[in-house]
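First comes the structure, then the notes that go with it.
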Amino acid sequence: MLIDAGRTGGMPAAMDGARQLLAQLQQGAPFSAVARQFSALPTAANGGDAGWVSEGEMTPEVEQAVSQMRPGQLSQPIPVKDGVYLIYLRDKRAGGGSTLVSLKQAAVALPQGTTAADEAAARAKLEALRPQIGGCDTLEAAAAKVPGVVAGDLGEAEVSDLAGEFRQAAQTLKVGEVSQPIRTNVGLHLVEVCGRRSADQAALDKEQIEQRLMGQQLSMIARRYMRDLRTSATIETR
């Protein structure tokens, strides 16, 4: 939500208005209702909801404030060139240089204290299974043919959040490649990387991108129009 300094009569008035609105929000006023009434941004029509915003799309002042906020938190008034922002951070997800990987596994349960012979037998079983896996689509079916082996989809995770043994595999394996057996405290695992993408590649479809660009253009046009009106206005005092 942006309190436009041009509409309120200057930055001091915009800052004072932002403080008053912040007090209302802290007392329980819905952010969406306040944004619809007072925000100068095109997102006011959506209750101030800007959707997912990537790093670099915000002004430096707002970006710095958001980086220090937690989900569910309201910002203090943030002065910028054209006015004062109030931000409500709904959620935050990994971005920047982070990498997300999709993983599947085939595993043999081996609790701590398993004999060397049992571990060697499990390792041989997985090493025999490994060349039979033709890709992520066939991993479960191939594993189902081997007694004692269970397979499953580990879903998508950020590489830095994975346990050490799995993190190394996720960093070094190519998509579609299967690891050597990995020993953890619960068993032996074959891990396959099914997909890899940068975390800052937001899942925006064509319509969302068009709407965002149109909103930015409308915002610039509206501000330019208001400046022109103020410049050309004739004020009569009687």
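Miscellaneous remarks
- Put in line by how crowded their Cβ is, counting other Cβ atoms within 10 Å and starting with the fewest, K81, K104 read K81, K104.
- Length released on extending from Q76 to E57, taking residue separation times 0.36 nm less the Cα-Cα span: 4.9 nm
- Relative to its Kirkwood radius, the Cα radius of gyration of the range 2-93 gives an Rg/Rh of 0.93.
- Sequentially through the range 156-167, phi angles give Karplus couplings (6.51, -1.76, 1.60; θ = phi - 60°) of 9, 8, 6, 4, 5, 8, 6, 4, x, 5, 6, 4 Hz, Gly and Pro residues having no value and appearing as x.
- Computed over the range 67-170, the alpha-carbon pair-distance distribution with 5 angstrom bins reads 2, 9, 14, 13, 14, 11, 7, 6, 6, 6, 4, 4, 3, 1, 0, each value a whole percent.
- The order of R19, R196, going from fewest to most other C-beta atoms within 10 Å of their C-beta, is R19, R196.
- Given R0 = 30 Å, the distance between the Cβ atoms of E127 and T99 translates into a calculated FRET efficiency of 0.60.
Rule-based calculations on the coordinates, nothing more; no lab input. Given the structure is predicted, the values throughout are model-derived calculations rather than measurements. Positions of Cβ are generated from backbone atoms using ideal geometry, with glycine treated the same way; all protein chains shown enter the neighbour counts.
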